[in-house]
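The block underneath contains the structure these notes are about, expressed in C-alpha cells.
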C-alpha cells in the first residue's frame with residue numbers, strides 16, 4: 001500500500017469518527033434537553049420557595065409550589081399583564097430595546113429594566129394573599145447578583161431574601177449565601193415615609209437605633225457588595241421597580 005493510500009485511509013477513518021461523534025453528541029443533547037429544562041424549572045421553584053422560607057422536609061417542590069400563583073406584571077404601569085410575548089424571558093428581554101426601558105437613574109447598575117417581570121403570589125390557606133415573591137438583581141463588586149425577595153401580605157414586611165446566582169468573593173461578598181446573615185431579613189421593614197428605606201448597615205445593626213427595623217448587618221470586608229445589595233433591593237422595591245405594583249396590590253387595583 002502506498003503512503004498516499006495510508007494517508008487517505010487515516011483521513012477517511014478520522015472523518016467518519018468525527019461524524020459519528022457529532023451525531024451522538026447532537027442526539028444526546030436533544031434527548032437530554034427536556035430533562036435539563038425540567039431540572040432548571042425545579043431549581044427556580046426551589047429558590048423561590050427558599051426565599052420565602054417555605055421549604056419543608058418530606059414534601060416535594062411541586063407540592064409546595066401548588067400554593068403559588070405565577071403572574072406577570074407590567075412594570076411601566078404596576079398592573080398585571082396579560083399580553084406578555086410567548087416564551088418571554090425577563091433576563092433576555094432586558095437586552096432588547098423593544099421589551100425594556102433604558103434607565104436614566106440606575107443605582108442597581110443593570111443598564112436596562114425589562115418591561116415585564118414574573119412575580120409569585122402565595123395564597124393563604126383560608127384564601128387571600130399570604131406572601132408575594134419578587135425577582136431582584138443588581139451589581140455587587142464582581143458580578144450581577146440574581147435572587148428573590150419575599151414580602152408578607154402587608155407588602156412592607158420582609159419574609160426572606162435569597163440569591164441563587166452571583167460571582168462575589170467567597171468569605172466576603174459571598175457571605176450573602178450565609179444562612180445566619182439571611183436569617184436577619186425576615187421581619188425587617190421596607191418602606192419609611194413612602195420610600196424604600198431598607199439597607200445594609202455599616203457593621204452590625206444597633207438594635208436600639210430608631211432605624212433598626214430597616215437595617216440588616218453589613219458584610220464584613222465586603223463594602224461594595226453590601227452597597228450593591230442595598231442598591232438593588234431599594235431599586236426593585238422603589239418607583240422604577242415593583243413599588244407601583246405593590247401599591248396597587250395593597251389597594252386591590254393591580
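Derivation of every value follows stated rules applied to the coordinates shown; laboratory data play no part. Computed from a prediction, not measured in an experiment: that's the story for all the values here. With ideal geometry, Cβ positions are generated from the backbone for all residues, glycine too; neighbour counts draw on all protein chains shown.
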**Complete:** When 227, 91 are arranged by how many other beta-carbons sit within 10 Å of their Cβ, fewest first, they go 91, 227
**Request:** Compute the separation of the alpha-carbon centres of segment 106-182 and segment 183-225 and state it in Å as a whole number.
**Result:** 15
**Complete:** For segment 55-199, shape from the Cα gyration tensor axes a ≥ b ≥ c, cut at a/c of 1.5 then a/b versus b/c, turns out rounded
**Message:** Quick check on the exposure proxy: order 60, 101, 157 from fewest to most C-beta atoms within 10 angstrom.
**Reply:** 60, 101, 157
**Asked** Can you give the alpha-carbon Rg of segment 146-250 over 2.2 N^0.38 Å, where N counts its residues?
**Response** 1.03
**Complete:** From DSSP H assignment alone, runs of 4+ in the chain each adding -39500 (n - 2.57), the sum over residues rounded to the nearest 500 puts [θ] at 222 nm at -11000 deg cm²/dmol
**Request:** Using only alpha carbon pairs under 8 Å that are at least six residues apart, calculate the relative contact order of the chain and give it in whole percent.
**Result:** 16
**Message:** For a quick size check, give me the Cα extents of the chain along its three principal axes, largest first, whole Å.
**Reply:** 92, 46, 43
**Item:** Rounded to whole Å, sorted largest first: equivalent-ellipsoid semi-axes of segment 188-231, Cα gyration tensor
**Value:** 18, 13, 5
**Per-pair calculated FRET efficiency, R0 = 51 Å: residue 165 and residue 16 via Cβ, rounded to 0.05** = 0.80
**Asked** Going highest first, how would you order 47-59, 75-87 by mean Cβ packing within 10 Å?
**Response** 47-59, 75-87
**Message:** For a quick size check, give me the Cα extents of segment 124-205 along its three principal axes, largest first, whole Å.
**Reply:** 43, 26, 22
**Prompt:** How would you rank 142, 185, going from fewest to most other Cβ atoms within 10 Å of each one's own Cβ?
**Reply:** 142, 185
**Item:** residue 204/residue 69 FRET efficiency (R0 45 Å; Cβ-Cβ; nearest 0.05)
**Value:** 0.75
